[in-house]
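Student: The structure that follows is given in the form of structure tokens.
The values are calculated or read from the model by the stated rules, or taken from the named source; none is laboratory data. For clarity, every value in this text was computed on a predicted model and none was experimentally measured. Neighbour counts are summed over all protein chains in view; Cβ atoms, including those assigned to glycine, are modelled from backbone coordinates with ideal geometry. Quick note on the areas: whole protein, heavy atoms, side chains included, nothing else; ligands and nucleic acids left out. Shrake-Rupley method; radii C 1.70, N 1.55, O 1.52, S 1.80 Å.
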Amino acid sequence: NYQLQLIWARTFGKHDVSAMGVFARQETAWGNMIPNYREDWVFRATYAYGGKYFFEYNGAYNGSEKFSPDNRFAFFNSGAVGWMLSEEPFMKYFREKKLIDMLKIRASYGEIGDDNVGGRFLYMDQWAYGGSTPMDVNQGGSPYTWYRESSVGNENVHWEKVRKFNVGIDYGFLGGLLAGAIEIFQDKRTDILVQGSQRAVPAYFGQSPPTANLGEVKTNGYEIEVRFNK
């Protein structure tokens with residue numbers, strides 16, 4: 001497992017800029033197994049102005065050998081914006097009276113890929129030893145051996161995905177007496193892998209169908225946090 005990370009950050013007056021890049025590669029193997037590989041190229045760029053306006057963009061180019069060469073790598077990105085409302089000049093009166101300590105509004109949207117799919121070679125047909133074949137009425141064994149298709153592969157299997165949207169408010173009031181956050185979020189998972197045994201197929205198919213990216217789950221919710229400090 002090795003990783004290389006580069007970070008750059010500078011301040012120019014009221015401008016704060018930073019950039020980060022990460023390369024990581026992991027090889028896993030024990031016993032006589034075929035090595036398992038995972039590779040990630042990740043970057044992040046941020047910008048802030050005067051401690052009031054915040055912008056961030058992230059990207060990840062992820063690769064996993066669990067998928068076929070055509071679907072092995074995928075790009076996922078995300079972004080966020082923030083506004084420190086309490087730092088605006090028209091909020092000065094409330095800060096001086098300690099009515100508002102901090103008030104920030106933020107929003108973010110992002111995509112994430114998941115390769116924790118419960119199998120390594122779902123895109124390949126699997127074959128298993130079938131035994132010796134009888135060739136006469138006395139059920140005598142054949143000198144030949146045969147193999148059967150133990151599982152059907154799906155070369156189109158690819159990353160599971162989730163899209164996340166979040167809007168939040170961070171606050172602090174009355175000299176630290178009350179603080180917390182309000183969050184509203186939505187997660188939509190798509191391309192969830194559904195095993196062949198969970199699908200309905202005609203009996204004459206003769207085999208369990210391949211795993212496929214057919215599932216979808218949507219989650220909506222909110223969180224309210226209130227802290228009382230006295």
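Student: Name every residue in region 59-92 that is closer than 26 Å to G172 by Cβ and either in contact with a Leu (Cβ under 8 Å, 6 or more places away or on another chain) or surrounded by 15 or more Cβ atoms within 10 Å (Cβ to Cβ) (or both), in order of residue number.
Tutor: Correct list: A80, G82, W83, M84, L85, S86, E87, M91.
Student: Mind listing whichever residues of region 39-57 are open to solvent by 60 Å² or more (accessible area, probe 1.4 Å) and charged (D, E, K, R)?
Tutor: Correct list: R44, E56.
Student: Name the pairs: first residue in region 8-31 and touching a residue at least 12 places away in the same chain (Cβ under 8 Å), second residue of a type in the set (G, A, S), Cβ to Cβ under 6 Å, at least 6 apart or on different chains?
Tutor: W8/A19; K14/G50; D16/A48; S18/A9; A19/A45
Student: I would also like to ask the following. If V201 meets every condition in (1) at pLDDT below 85; (2) part of a strand (DSSP E or B) apart from one, which number is that one?
Tutor: V201 satisfies all of (1) at pLDDT below 85; (2) part of a strand (DSSP E or B) except (2).
Student: Which one of the conditions (1) in contact (Cβ under 8 Å) with a residue 60 or more places away in the chain; (2) of a type in the set (D, E, K, R); (3) within 30 Å of G13 (Cα to Cα) does K92 fail to meet, given that it meets all the rest?
Tutor: Single failed check for K92: (1).
Student: Kindly indicate whether any position in region 176-185 is surrounded by 15 or more Cβ atoms within 10 Å (Cβ to Cβ), under 25 Å from the mean Cα position of the chain (by Cα) and of a type in the set (F, W, Y).
Tutor: Yes, that holds for at least one residue.
Student: I'd like the full set of residues that are loosely packed, with under 10 Cβ neighbours inside 10 Å and either under 19 Å from V81 (Cα atoms) or among the hydrophobic types (A, V, I, L, M, F, W, C) (or both), limited to region 1-38.
Tutor: L4, F12, W30, M33, I34 - these are the residues of region 1-38 that are loosely packed, with under 10 Cβ neighbours inside 10 Å and either under 19 Å from V81 (Cα atoms) or among the hydrophobic types (A, V, I, L, M, F, W, C) (or both).
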